[in-house]
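Report on the structure given below.
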Amino acid sequence: GQQVMQIPQYQHVQEGEDFTTYCNSSTTLSNIQWYKQRPGGHPVFLIQLVKSGEVKKQKRLTFQFGEAKKNSSLHITATQTTDVGTYFCSYRLGSSNTGKLIFGQGTTLQVKP
Amino acid sequence: EAEVAQSPRYKITEKSQAVAFWCDPISGHATLYWYRQILGQGPELLVQFQDESVVDDSQLPKDRFSAERLKGVDSTLKIQPAELGDSAMYLCASSSRYRDGLIEQFFGPGTRLTVL
């Protein structure tokens, strides 16, 4: 079935540095959702993008959906230790509200204080 | 703040034994999901309920896994018999009806299953 690939798989940064994770698909996606999972925790919804070229910001986090709706990125400015965790992109199969979510394998972020 | 409840949080069992996990979604959420998450990977959907009906169980190993949501509220996921490869985190999530184009899924804390 359709897959989304996330890169990098792991990223270690010094506190204060920026971080970006990318989510790529070989096919056009109708939507992208981003989730964060802290170590030992469960995924928590961050945001949904549905429009071509859409950009949304949440404080230090910037989310983008590509013009072709085949890729997305999450950028964190000036990382903090609280940003540690695994970031997953996911998309809903089809346009139906009952379509299942397909998750990428995630990017794990480590932040050195 | 309303949360998805799951129990038990941890379960250790021997292979060939039966195990069961319970999930209570956020009140009023019609859609309930069971995911399996293997360490280092993203969650994989096992089964999705809309009220009491299954809408997707294409990835559920039906020879050993079963799920039910009899009254359209809480749900049980069962594995019988458990195999070594079933060791994983089992996550339950729920979402409200489609509204404003957004279907945010709320995840429970999960059940960590270890099969020996």
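The values are calculated or read from the model by the stated rules, or taken from the named source; none is laboratory data. Since the structure is predicted, the reported quantities are computational estimates derived from the model, not experimental observations. Cβ atoms come from the backbone with ideal geometry, glycine included; neighbour counts cover every protein chain shown. Ligands, DNA and RNA are excluded from the accessible area calculation, which covers all protein heavy atoms including side chains. Shrake-Rupley method; radii C 1.70, N 1.55, O 1.52, S 1.80 Å.
Taking each of A:K51/A:K100; B:K11/B:K71; A:K70/A:K100; A:K36/A:K57 in turn, the alpha-carbon distance tops 22 angstrom for B:K11/B:K71.
How much of the pair distance distribution for chain B lies past 18 Å, counting alpha-carbon pairs only, in percent? Result for the distance tail: 47 percent.
Exposed loop sites, defined as trypsin sites (Lys or Arg not before Pro) outside DSSP H, G, I, E and B with at most 14 other Cβ atoms within 10 Å, are absent from the longest region of chain B, namely B:16-61.
Using a probe of 1.4 angstrom and keeping all protein chains present, the accessible surface of region B:5-96 works out to 47 square angstrom per residue. Charges were assigned to the Cβ only: +1 to each Lys and Arg, -1 to each Asp and Glu. The resulting dipole of the protein assembly as shown about its Cα centre is roughly 220 debye. With all protein chains in place and ligands, DNA and RNA left out, the 1.4 Å accessible area ranks A:I102, B:I12 as B:I12, A:I102, largest first.
Put +1 on the Cβ of each Lys and Arg and -1 on the Cβ of each Asp and Glu in region B:5-96; which of B:V54, B:L77, B:A88 then has its Cα farthest toward the positive end of the dipole? Comparing the listed Cα positions along the dipole, B:A88 ranks first. Rounded to the nearest 20 Debye, what is the dipole magnitude of chain B about its Cα centre when Lys and Arg each give +1 and Asp and Glu each give -1 at the C-beta? Roughly 280 debye for chain B.
Chain B packed on chain A takes about 1700 Å² of accessible surface away from a 1.4 Å probe, both sides summed. Among beta bridges from DSSP that stay inside the protein assembly as shown, the antiparallel ones total about 90%. Comparing A:G40, A:L29, A:Q58 along the charge dipole axis of chain A, the residue lying farthest to the positive side is A:L29, per the Cβ-charge model.
Among the trypsin sites (Lys or Arg not before Pro) in region A:38-113, those located in a DSSP loop and surrounded by at most 13 other Cβ atoms within 10 Å of their own Cβ are A:K51, A:K59.
On the accessible surface of the protein assembly as shown, probed at 1.4 Å, how many percent belong to carbon and sulfur atoms?
Ligands and nucleic acids excluded, carbon and sulfur give 49 percent.
On a per residue basis, chain A carries 48 Å² of accessible surface, using protein heavy atoms and a 1.4 Å probe. Interface residues of region B:43-86, defined as a loss of at least 50 Å² in heavy-atom accessible area between the chain alone and the complex of all protein chains with a 1.4 Å probe, are B:P43.
Toward the positive end of the charge dipole of the protein assembly as shown, with +1 on the Cβ of Lys and Arg and -1 on the Cβ of Asp and Glu, the farthest Cα among B:A5, B:L45, A:T79 is that of A:T79. Relative contact order of chain B, taken over Cα pairs closer than 8 Å and 6 or more residues apart, is 37 percent.
Each residue of region A:55-67 was assigned a 3J(HN,Hα) from its phi angle through the Karplus expression (A = 6.51, B = -1.76, C = 1.60, θ = phi - 60°), giving 10, 10, 10, 10, 6, 8, 9, 10, 10, 10, 10, x, 4 Hz with x at Gly and Pro. Only protein heavy atoms count here; on that basis, with a 1.4 Å probe, A:V50 has an accessible area of about 60 Å².
Kirkwood Rh and Cα-based Rg: tell me the resulting Rg over Rh for the protein assembly as shown, rounded to two decimals. In the protein assembly as shown, Rg relative to Rh is 0.97.
Given the options A:L49, A:L101, A:L74, which has the most mean-square fluctuation in a GNM of chain A, springs set between C-alpha atoms less than 10 angstrom apart? Result: A:L101 has the largest fluctuation of those listed.
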